[in-house]
Amino acid sequence: MSQFDVHRNSGKNQDAIPYVVLVQSSLFDSYRRRVVVPLVRKTTLGKITNARFNPTFRIQGVTVVLHPLEIVSVHVERLGEPVASLAGEGIRIMDALYELLTHARG
């Protein structure tokens, strides 16, 4: 398992959220959980107002949007095998997490 690997969603809402992307650093591979961000079908979302916060990707023919507000940790055994990698898009994913975690609004 590598950072930015894409896995099928084995949890709830598989129709709306077909995939999750692993964002956790490999420094924490000894833990039994992995931090993932849902990749939501673009067709289920309304207008994307901040493309930096919600970048769009295409996974196995499905257009999906990163949804950082739904970040979660899951047991490593629930992830299964990766179906794709977004390693080439890592900067865009980290930019979205940066928006979530560091920008003060007010």
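What residue among 60, 24, 14 has the largest mean-square fluctuation in a Gaussian network model of the chain, using Cα springs under 10 Å?
Fluctuation is largest for 60.
Give a residue-ordered list of calculated ³J(HN,Hα) values for the stretch 25-31 (Karplus: 6.51 cos²θ - 1.76 cosθ + 1.60, θ = phi - 60°; whole Hz; x for Gly, Pro).
Each residue's phi maps through the Karplus curve to give 5, 5, 4, 10, 5, 6, 7 Hz.
So how exposed is residue 95, as accessible area in Å² (1.4 Å probe, rounded to 10)?
Surface open to solvent at residue 95 totals about 50 Å².
Please compute the modelled spin-label separation between residue 33 and residue 12, points set 7 Å along Cα→Cβ, answer in nm with one decimal.
1.7
Can you send over the carbon and sulfur percentage of the accessible area for the stretch 19-87, probe radius 1.4 Å, protein chains only?
Solvent-exposed carbon and sulfur of the stretch 19-87 make up 53 percent of the total.
If you rank 43, 63 by how much accessible surface each has, with a 1.4 Å probe, what is the order from largest down?
43, 63
What accessible area per residue comes out for the chain, rounded to a whole number of Å², with a 1.4 Å probe?
61
Can you give the accessible area of residue 28, probe radius 1.4 Å, in Å² rounded to 10?
Only protein atoms counted, so the area is about 100 Å².
How much of residue 42 can a 1.4 Å solvent probe reach, expressed as accessible area in Å² and rounded to 10?
Approximately 90 Å² of residue 42 is accessible to the 1.4 Å probe.
Normalized C-alpha radius of gyration of the chain, against 2.2 N^0.38 Å?
Dividing the Cα radius of gyration by 2.2 N^0.38 Å gives 1.02.
What percentage of all Cα-Cα pairs in the stretch 39-80 are separated by more than 13 Å?
Every Cα pair in the stretch 39-80 considered, those over 13 Å come to 59 percent.
The values are calculated or read from the model by the stated rules, or taken from the named source; none is laboratory data. Keep in mind that this is a model prediction, so the values were computed, not measured. Cβ: placed from backbone, ideal geometry, glycine included. Neighbour counts: every protein chain shown. To get the accessible areas, we keep the full protein, side chains included, count just its heavy atoms, and leave off ligands, DNA and RNA. Shrake-Rupley method; radii C 1.70, N 1.55, O 1.52, S 1.80 Å.
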